[in-house]
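Down below is the structure, laid out as structure tokens.
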Amino acid sequence: MDAQLVERIKREIEFESTRSAPPAGFPDLPDIPAGRYIDPAFFELEQKHIWSKTWLLVGHTDEVPEPGCFRLCDEIGVPILVVRGKDRVVRGFYNTCRHRGGPVVREKTGHANPLRCMYHSWTYDLEGNLIGVPDERDFTNLDKSCRALIPVRCETWGGWIFVNQDLGAMPLLDYLAPVPTELDEFEVEKLRFVERHSMDLACNWKVAIDAFLEVYHLKHIHPNTVNRLLDHAGTTMGLLPRGHSRMASPIRPESRASYGGGKPDVPEIESAGEIPRITNLAYHIFPNLVTPLDVVGFPFLMFWPRDIRTTHFEVLWFGPDWGQPEMDERWKAYISIFDVVLGEDTENLPWIQKSVESPGFRSIPLSYQERRIYAFHEQIDRTLGAQNIPDELRIAPRLEKWVE
């Protein structure tokens, strides 16, 4: 994060803390239609356009450390295999044999060399090439060179692995910009994978995402936890290109001295600058990744739609090297504290889902504090194509002039 952005965020925090109304020129935000959370046709549009055409984080290179190590990613809606090749390059393929569609792997993680279909034992090398067919003599004109596993785009930022089913998509780092540049100070290439855990939430994936894009709820949902640490009134937000966004909530001055007492006694990311030390700095990477950053490490929160009313919620933790191969016990204590906050964040979501399906719920009026939610929905419409969305469910563009 360059010095100019640091100073701008500090000025914006001061402005937010003292303002008595939204800034001059901020537009009225039309209501978000309730149907966007419950309409089956809208959900199908999301399945068709969002999850097949955007960059999605599926893991970390620490999870596939050696050639032959793989991870099966089925949260996307189709099974995708991420595997490290003999050349140590991490690649992505559909987990679908080119014969009759059998899975190449069935376990969530593991090691395989070569990759072998579990139906008829068609065999592939770690680069996806078809190298073995039982009873090959019985196939006429079988050209194995044309029957490799079908690839998906697979690129990394630091150690984080992203995939995209759109082979013509822009490069990952271009898509993420300017987030990687702003996070350079965290030396992300040196971070280690700590652990992952997950749960299902009984709500639409957007109900879940919306809850993490504002701090309007802080003093009501987290009165004895986060609200004691952060001053929501000073929060500043940056709307970024391609639907990404930034949020910095200042740590209360009286809490800064004791803040370190709740963190694990593991090495800090010493290169991290001023803003993540005086605020809770958080980013949303469109479509489904939210990360609240900290100088001792942080989680990636990911929200995957299982169906229109169910979200698979994954939490992946990363931190600086703690000097031993196994997960440090102090990390377990820290994660358990954070899980209390996540429990507060997610407790209401199933109830909200029931409400959005009620005749008593028709639309959502959003405040200036909730503008990241509106920007998120604007990007959904851009991704789906406004012409594909029924008029009554479409979002009117309002925030283009407010994108950095």
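Throughout, read-outs are computed from the coordinates displayed, never taken from laboratory work. Not measured: the values here are computed from a predicted model. Glycine gets a Cβ as well: all are built from the backbone with ideal geometry, and neighbour counts include every protein chain shown.
Over the residues of the chain, the helix contribution to mean residue ellipticity at 222 nm works out to -7000 deg cm²/dmol, using -39500 (n - 2.57) for each DSSP H run of at least 4.
In angstrom, the C-alpha Rg and Dmax of segment 158-264 are 17.1, 51.
With 28 Å as the limit on Cα-Cα distance, the pairs of LYS10/LYS206; LYS86/LYS190; LYS86/LYS108; LYS206/LYS401 that go past it are LYS10/LYS206.
First check a/c for segment 344-404, with a ≥ b ≥ c the square roots of the eigenvalues of its C-alpha gyration tensor; if it is under 1.5, answer rounded, and if not, answer prolate when a/b is larger than b/c or oblate otherwise. Note, shape of segment 344-404 comes out oblate.
When the Cα convex hull of the chain is projected onto planes of every orientation, the mean area is 21.8 nm².
Rounded to the nearest 20, the Cβ-based charge dipole of the chain about its Cα centre (Lys and Arg +1, Asp and Glu -1) stands at 640 debye.
Across the chain, C-alpha contacts under 8 Å between residues 6 or more apart give a mean separation that, scaled by the residue count, equals a relative contact order of 21 percent.
Residues whose amide H comes within less than 5 Å of that of TRP122, counting only those at least five positions distant or on another chain, are CYS117 (H built at 1.01 Å from N in the peptide plane). When LEU218, LEU342 are sorted by how many other C-beta atoms sit within 10 angstrom of their C-beta, beginning with the fewest, the order is LEU342, LEU218. Whole-Hz Karplus values for segment 174-179 come out as 5, 5, 7, 4, x, 4 Hz, taken residue by residue from phi with 6.51 cos²θ - 1.76 cosθ + 1.60 and θ = phi - 60°; glycine and proline positions read x. For ARG306, the residues whose amide H sits under 5 Å from its own are THR311, HIS312, ignoring neighbours fewer than 5 places away on the same chain, with H placed 1.01 Å from N.
As a rough footprinting exposure proxy, the listed residues ARG242, ARG306 were ranked by other beta carbons within 10 Å of their own, and the order from fewest upward is ARG306, ARG242. Residues TYR119, TYR283 in ascending order of nearby Cβ atoms (within 10 Å, fewest first): TYR119, TYR283.
Annotation: amide H of LEU230 within the under-5 Å range of ARG252, sequence separation 5 or more or interchain, hydrogens built in the peptide plane. Remark: relative contact order (segment 91-173) = 27 percent; criterion is Cα-Cα distance under 8 angstrom and separation of 6 or more residues.
Taking θ as phi - 60° and the Karplus parameters 6.51, -1.76 and 1.60, the scalar couplings of segment 191-203 work out to 6, 9, 6, 9, 5, 9, 9, 8, 7, 9, 10, 7, 7 Hz in sequence order, x denoting glycine and proline. Computed from backbone phi with θ = phi - 60° and the Karplus coefficients 6.51, -1.76 and 1.60, the 3J(HN,Hα) list for segment 206-214 is 6, 4, 5, 4, 3, 5, 9, 9, 8 Hz; x is used for glycine and proline.
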